[in-house]
Each structure stands twice: as C-alpha cells, then as structure tokens.
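Sharing a structure with you now.
The values are calculated or read from the model by the stated rules, or taken from the named source; none is laboratory data. Keep in mind that this is a model prediction, so the values were computed, not measured. Cβ: placed from backbone, ideal geometry, glycine included. Neighbour counts: every protein chain shown. Note: areas computed on protein heavy atoms with side chains; ligands, DNA, RNA excluded. Shrake-Rupley method; radii C 1.70, N 1.55, O 1.52, S 1.80 Å.
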Amino acid sequence: MDLNLCNKVVLISGGSRGIGQALCDAFAQENCRVYFFYKKNKTLAEETVASAMEKSANAFVKGIQLDITDGAACENAVHEILDVEGKIDVLINNAGTTKDGLFLSQEFGKWESVIQTNIFGTVKLTSPVAMAMFTKRSGSIINISSVAGLTGVKGQTNYCTSKAGLIGLTKALSKELGLKNIRVNAIAPGYIETDMTKGLKNMNELSKLIPLKRLGLPSEVAKTAVFLASEAASYINGEIIVVDGGLIA
Ligand code: NDP
C-alpha cells in the first residue's frame, strides 16, 4: 500500500524519548522531513536524530529544544519550520507528563503542571500549526491521548482529566477543521514500555490484565500514527484509536 508520506513535513512534540522517539524513527523510515521538540534532554534528542538517520539514510530529522507550555516559543519554532519548508503536513501532539497522587492528598501545583503541559501545551502548539494547515487546506493532526482518559485510573485524576480533554479537543477540532481538509484524530495507548511506565511497581500484575500479556512497544504506537497520517486513512477523522493489547476491550 502506498502511504504517500514521502517528503511530508512532520512535527512531533516530545521526540527525545519513548513514543516520540519511535515516532521520529517511523516517519523517517517513510522518508518524511521530521522536526521534533523536546524539553531538556539534549543528549537523548541527539540519539533520536542518530537513530532515525540509521533507519533511513536520506532522512531529514531535526530536534528543537523548547517547552510546549511556552506559547511564544511554539509559535516562533513553527514559523522557523514554515520559513524553510513552506508547510507542515502532519502534527503529532505527543509530549506529555504525569504527576500522580491520590486526589485527596494532591497539591494543586501538580494539577497545574499536568494540565499546563498536556492540554495548554497541546493547544499552544496546535494553534499556529492548524493556522498554517488551514492556509494550505490540508493536514493531519494526531493527539496522543491515553486509555487513562477513557477509563480513569486511580491515582491519576489530573492525568486522566488531561487525556480525556485531548479526546474532546480531537473531536471538536475534527469538526471545525474537517471542512478545510484537515483531519484530526487521536491515539489512546495502553501501557507502553517507556520511561513513563518504568517507575510503576506493579507492572507484572498489570501485564496479567492485558489480553496480549505484555506491555506495548513505542514502535507499535508509532505504526498507528503513520497509518493515521497517511493516505490509507484519508477518510478517518475525529477518531480515537486504542492501542492497548486489548486492555480495555
Ligand atoms: P516519556 O516520558 O518517555 O517522554 C516524554 C517526552 O515529552 C520527552 O521527549 C520529553 O522531553 C517531552 N516533554 C515533556 N514535557 C514537555 C514539554 N513541556 N515541552 C516539550 N517537550 C516535553 O513519555 P512517553 O513516550 O511514555 O509518552 C508519550 C506520550 O504518550 C505522552 O503524552 C503520554 O501521556 C502518552 N502515553 C504514554 C503511555 C505509556 O504507557 N508510556 C500510555 C498512554 C499514553 P525531555 O526528554 O526533554 O524531557
């Protein structure tokens, strides 16, 4: 199947680790021009570039350090990319954070931090990119939500709220932008092997609850994103694809 992604300009937030790094690999493999944002981890960002270049000798991959909660930084970086490329075809809002704790004992600061990054960060980045896509009457936006936003998880009220919010954002935006030929979809991963899940103590117990009896790989989320961004998904808009090994089926 021709995915028709060659030379597409792809922007990925949170590309220095985990799912974001796998996204950079996967889109580089499709010969896209890949830009990614990361917050602080320069060494890992360099590893992302090296890894993606290994996947495809002709790949173009560039990391830009910024905090997505800084709206002006997002806007400047997006315009820098547009000055070079003239367009952004695909945006993947992947950067996200957790600050877990039981609701009754959680300080408000942790709520602010999670909502600032996962919701406002996503909005601040989406806004200038969507405007550029609107001008071109073409684009695909993919938000990385979570099954946590669909089912709720004890100890993650702030994170679940943010990920459920991304689903609302996806659905509403798909209706606003669809008529301009911009598709907006979301992926809701289950438990994926990354730094985010490394600290979970009960991983063996959790694996038993997953029908496939294992955690997912970042590359398995990335493959879904490649599909959603591609021609193969040209009539999919406003959809949430769950990638969780059957956990919430
Ligand atoms: P990681 O914690 O491994 O990586 C997070 C990435 O986001 C890093 O590249 C980090 O940059 C970047 N980042 C975080 N905050 C900001 C910010 N404010 N500005 C710019 N970049 C930022 O996460 P995962 O790969 O595990 O998760 C990726 C996405 O998938 C997240 O949205 C997460 O909620 C979601 N998800 C993950 C699941 C899992 O099981 N792992 C399950 C369901 C959803 P740096 O390295 O510089 O800190």
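List every residue pair whose Cβ atoms lie under 8 Å apart, where the two residues are 6 or more positions apart in sequence or sit on different chains, the first residue falls within the stretch 190-206 and is under 15 Å from residue 144 (Cα atoms), and the second residue, located anywhere, is open to solvent by 80 Å² or more (accessible area, probe 1.4 Å) and outside any helix (DSSP H, G or I).
Close Cβ pairs (under 8 Å, with a partner that is open to solvent by 80 Å² or more (accessible area, probe 1.4 Å) and outside any helix (DSSP H, G or I)) amount to 194/17.
If you go through the stretch 156-190 one residue at a time, how many are within 17 Å of residue 247 (Cβ to Cβ) and not basic (Lys, Arg)?
Residues that pass the stated criteria total 10.
Still on this structure, I have one more. Condition check: open to solvent by 20 Å² or more (accessible area, probe 1.4 Å) and either modelled with pLDDT under 95 or in a helix (DSSP H, G or I) (or both). Does residue 150 satisfy that?
Values: open to solvent by 20 Å² or more (accessible area, probe 1.4 Å): yes; either modelled with pLDDT under 95 or in a helix (DSSP H, G or I) (or both): yes.
In short, yes.
Still on this structure, I have one more. So how many residues does the stretch 153-170 have that are in a helix (DSSP H, G or I) and either β-branched (Val, Ile, Thr) or touching a strand residue (DSSP E or B) at 6+ places or on another chain (Cβ under 8 Å) (or both)?
So the answer is 7.
Ok, one more. Here is a check on your reading of the model: is residue 214 modelled with pLDDT of 95 or more, assigned to a strand (DSSP E or B) and open to solvent by 20 Å² or more (accessible area, probe 1.4 Å)?
Answer is no for this residue.
Name every residue in the stretch 192-229 that is under 18 Å from the mean Cα position of the chain (by Cα) and either away from the ligand (no atom under 14 Å from the Cβ) or within 17 Å of residue 170 (Cα to Cα) (or both), in order of residue number.
223, 224, 225, 226, 227, 228, 229
Conditions (1) part of a loop (DSSP other than H, G, I, E, B); (2) at pLDDT 95 or above; (3) farther than 22 Å from residue 224 by Cβ, marked per residue:
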{"position": "63", "(1), (2), (3)": "no, yes, yes"}
{"position": "67", "(1), (2), (3)": "yes, yes, yes"}
{"position": "77", "(1), (2), (3)": "no, yes, yes"}
{"position": "80", "(1), (2), (3)": "no, yes, yes"}
{"position": "98", "(1), (2), (3)": "yes, yes, no"}
{"position": "116", "(1), (2), (3)": "no, yes, yes"}
{"position": "127", "(1), (2), (3)": "no, yes, yes"}
{"position": "130", "(1), (2), (3)": "no, yes, no"}
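So for the stretch 100-110 (the condition being near the ligand (Cβ under 9 Å from one of its atoms), among the polar types (S, T, N, Q) and farther than 20 Å from residue 163 by Cα), does at least one residue qualify?
no
Starting from the stretch 113-130, take each residue that is over 17 Å from residue 64 (Cβ atoms) and list its partners that are among the aliphatic types (A, V, I, L, M) and part of a helix (DSSP H, G or I), counting only C-beta distances under 8 angstrom and pairs at least six apart or across chains.
Every condition considered, the pairs that remain are 118/166; 119/166; 119/169; 123/169; 130/173; 130/177.
Among what's in the stretch 15-56 and is outside any helix (DSSP H, G or I), without any contact (Cβ under 8 Å) to a residue 60 or more places away in the chain and touching a helix residue (DSSP H, G or I) at 6+ places or on another chain (Cβ under 6 Å), pick the residue that is farthest from residue 80 (Cα to Cα).
Checked the stretch 15-56; the qualifying residue farthest from residue 80 (Cα to Cα) is 56.
From the set of residues in the stretch 168-191 that are open to solvent by 20 Å² or more (accessible area, probe 1.4 Å) and closer than 18 Å to residue 120 by Cβ, which is farthest from the chain's Cα centre (by Cα)?
The qualifying residue farthest from the chain's Cα centre (by Cα) is 172.
Using the structure shown, decide if residue 206 is on the phi < 0 side of the Ramachandran plot, in a helix (DSSP H, G or I) and crowded, with 21+ Cβ neighbours inside 10 Å.
no
Right, here's the next one. Regarding residue 177, is this residue in contact with a strand residue (DSSP E or B) (Cβ under 8 Å, 6 or more places away or on another chain), under 24 Å from residue 76 (Cβ atoms) and either in a loop (DSSP other than H, G, I, E, B) or of a type outside the set (Phe, Trp, Tyr) (or both)?
Criteria met by residue 177.
Which of the residues belonging to the stretch 38-77 are within 17 Å of residue 218 (Cα to Cα), of a type in the set (A, V, I, L, M, F, W, C), open to solvent by less than 30 Å² (accessible area, probe 1.4 Å) and near the ligand (Cβ under 9 Å from one of its atoms)?
45
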